[in-house]
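Let me begin by presenting the structure, written as structure tokens, before commenting on it.
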Amino acid sequence: MTLTFIYTLNLRNGLLRPFSLITNGTLRHQEIPVLRDELKRENRTKNSTQKCLYVYDKAVTDYAFWNNQIEHGNLMISVLKENSVATFVESIHFDTSHELNTGIESYSTYENNGIRFSIVNYRDPETKKLHRFITTLPGSINPGTIAMLYFKRWTIEKAFNNSKSNLKETKAWSSDNNSLKNQMRLTAMSYNLLRTVEELSKIQDPELIHPSDKKYTEDLEKRQQAAKKRGGFVNPLFFNERIARISSYTIRAVQNAIMTGKSLSSFINALVAKLVPRVNQIGEH
């Protein structure tokens with residue numbers, strides 16, 4: 001059995017926060033019950049004015065639980081289950097002309113056993129596929145933002161992959177839970193150091209970007225051209241800044257700097273030397 005942790009990611013700066021241990025590799029626990037228990041523990045000391053957003057797959061959906069979490073500042077976005085039973089209450093007004101709301105077909109309040117929540121119907125302009133999202137966020141939030149936050153799960157998962165593949169998280173230091181929690185904290189600290197270093201290198205020259213960002217943009221442009229041939233287009237929000245996986249080069253550079261005693265400026269310069277010119281985007285539709 002694999003050692004497993006839960007982390008949360010700050011979408012403003014890309015930094016990890018250790019959240020909870022799921023399994024020490026010998027005892028099996030389910031992720032969602034662990035998530036709920038940890039939230040309940042944190043609620044005892046958490047300032048309710050501090051808002052936290054949890055973007056999960058449909059396994060997390062529990063109307064009563066998330067309705068209770070609103071007063072603690074914990075909000076949720078997920079995919080609506082196919083067999084969900086809910087009653088339409090009213091439509092929520094949104095700006096259909098705003099770029100943020102590209103692809104939004106409807107935004108409504110629904111109810112289940114007296115509990116209200118919002119449902120967003122989003123049709124991807126590239127694939128024409130309909131996606132239905134459920135959220136406890138207030139109706140003042142643009143529905144397009146809700147849809148895009150869910151789609152960002154993929155890039156977030158790629159970022160989480162750094163801790164497993166590069167920081168060797170899956171190998172337990174001990175079977176003791178306290179030791180494993182320290183392992184989780186140190187993994188997050190290491191990740192945050194690497195993230196800070198890579199982001200610092202990216203802002204040294206505004207005309208240059210990271211090679212992974214260039215590849216991402218080029219792939220989007222290929223998707224855009226293919227979509228146009230089918231009469232569609234890639235949602236322009238995908239062309240915005242994203243939280244990318246930390247590159248292997250950055251990780252090796254930091255490791256070498258620590259082992260050889262290089263200064264911060266010297267290995268930041270080495271990272272900047274790997275940056276490439278920006279791609280001319282043609283993301284308009």
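The values are calculated or read from the model by the stated rules, or taken from the named source; none is laboratory data. Treat the numbers as computed from the prediction; the structure is a model and nothing was measured. As a convention, Cβ positions derive from the backbone with ideal geometry for all residues, glycine included, and neighbour counts pool all protein chains shown. Heads up: the accessible areas ignore ligands, DNA and RNA and are worked out on the full protein's heavy atoms, side chains in. Shrake-Rupley method; radii C 1.70, N 1.55, O 1.52, S 1.80 Å.
Summing +1 for each Lys or Arg and -1 for each Asp or Glu among the other residues whose beta-carbon sits under 12 angstrom from that of VAL55 gives +1. By the rule of a C-alpha distance below 15 Å, with chain neighbours fewer than 8 residues away ignored, the aspartates and glutamates paired with LYS81 are ASP57, ASP62, GLU111. Quick one: pull the percent of accessible area on the range 37-140 belonging to carbon and sulfur, 1.4 Å probe, ligands and nucleic acids left out. On the range 37-140, the fraction of accessible area on carbon and sulfur atoms equals 47 percent.
Rolling a 1.4 angstrom probe over the protein heavy atoms with all chains in place gives the range 57-119 an accessible area of 53 Å² per residue.
Ordering of 171-177, 37-43, 190-196 by packing is 190-196, 37-43, 171-177, highest average first (other Cβ atoms within 10 Å, averaged per residue).
Spin-label model, VAL276 to SER248: label points 7 Å out along the Cα-to-beta-carbon direction sit 1.6 nm apart.
Taking all protein chains into account, the per residue accessible area for the range 164-285 stands at 59 Å² (1.4 Å probe). Within a straight-line Cα-Cα reach of under 29 Å, LYS274 can be paired with the following lysines, leaving aside sequence neighbours fewer than 8 residues apart in one chain: LYS152, LYS158, LYS164, LYS168, LYS202, LYS214, LYS215, LYS222, LYS262. Amide H contacts of GLU126 (H built 1.01 Å from N, in plane; Pro and chain starts excluded): PHE233, ASN235 sit under 5 Å, all sequence-distant by 5 or more or on other chains. Here the peptides 91-100, 256-265, 144-153 are ranked by packing, the mean other Cβ count within 10 Å, and the order with the highest first is 144-153, 91-100, 256-265. Near HIS72: Cβ cut-off under 13 Å, other residues only, Lys/Arg at +1 and Asp/Glu at -1. The net charge is +3. Ranking THR61, ILE77, SER48 by Cα position along the charge dipole of the range 10-111, where only Lys, Arg, Asp and Glu carry charges on their C-beta atoms, puts SER48 farthest toward the positive end.
Within 14 Å, Cβ to Cβ, of ASN43, how many net charges do the neighbouring residues add up to if Lys/Arg are +1 and Asp/Glu are -1? Neighbourhood net charge equals +2.
A crude spin-label estimate for the pair ARG17 and ARG230, with each label 7 Å from Cα along the Cβ direction, gives 3.8 nm. With helices as the sole contributors, the chain gives -12500 deg cm²/dmol at 222 nm; each DSSP H run of n ≥ 4 counts as -39500 (n - 2.57), and the sum is divided by every residue. The GluC sites (Glu not before Pro) of the range 168-266 meeting both criteria, a DSSP state outside H, G, I, E and B (loop) and at most 12 other C-beta atoms within 10 angstrom of the site's C-beta, are GLU207, GLU241.
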